1. Filter the range 93-105 down to the residues that are touching a Ser or Thr at 6+ places or on another chain (Cβ under 6 Å) and open to solvent by less than 70 Å² (accessible area, probe 1.4 Å) and list them by number.
2. With the structure loaded, tell me whether Ser113 is at pLDDT below 95, more than 30 Å from Val26 (Cβ to Cβ) and not in a helix (DSSP H, G or I) or whether it fails that test.
3. Please find, among Ile40, Ile62, the residue that is within 18 Å of Ile74 (Cβ to Cβ), in contact with a strand residue (DSSP E or B) (Cβ under 8 Å, 6 or more places away or on another chain) and among the β-branched types (Val, Ile, Thr).
4. Where in the range 1-92 are there strands (runs of 3 or more DSSP E), lying wholly inside it, with at least 3 residues that are open to solvent by less than 90 Å² (accessible area, probe 1.4 Å), modelled with pLDDT of 95 or more and closer than 26 Å to Lys123 by Cα?
5. For the list (1) modelled with pLDDT of 90 or more; (2) farther than 30 Å from Asn68 by Cα, I need the number of the one condition that Ala145 fails.
Amino acid sequence: MAFYKLYQNKNENMPKCYQKWYAHSVVTETVDLDYIAERIQRNCTAKKSDAKVVLTEMVEVIADCLKNSQRVKIDGFGAFKLGISSRGADTVKNFSVTENIRGVRIIFQPEISVDASTHKRTKKMLQGIRFADSSSLASSEAIAAAGTDDGQNP
């Protein structure tokens, strides 16, 4: 179940959105590599230690591939690639990596499926998602204790 909390836009500089209510996703906890390895162990014959070794190596291989300008596609999940933020140079000769490249980021593109009859695109990992108001959780303290990013209910 994916949880959300409503917030009201109070930015007067956005007249079309001002005072309208929007949903924000609520993080109930953060899971780590150990948790994922444990779940893999429960769902198949691989031991947790084996799954953890493979996942750890997968992260290293993905990082190496990205550093080599490769797009990394994981079937059923999506693809990772690099994105570069740069300043413009007046000429090709004036372009300098140290002066013009401002940053690099990793772009994730989730795998999608397309319904043949409606042509609707759906992210595969989100098919069948259901939502619930976060107020159905015990309390905002329970959400914070479960591991939200900043300890606050967004």
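The values are calculated or read from the model by the stated rules, or taken from the named source; none is laboratory data. This one's a predicted model, so the numbers in the text were calculated from it and none came from an experiment. Counting neighbours? That spans all protein chains shown, and the Cβs are built from the backbone with ideal geometry, glycine included. Remember, those area values only see protein heavy atoms, side chains included, never the ligands or the DNA or RNA. Shrake-Rupley method; radii C 1.70, N 1.55, O 1.52, S 1.80 Å.
1. Selection gives Asn100, Ile101, Gly103.
2. No.
3. Ile62
4. 78-86
5. (1)
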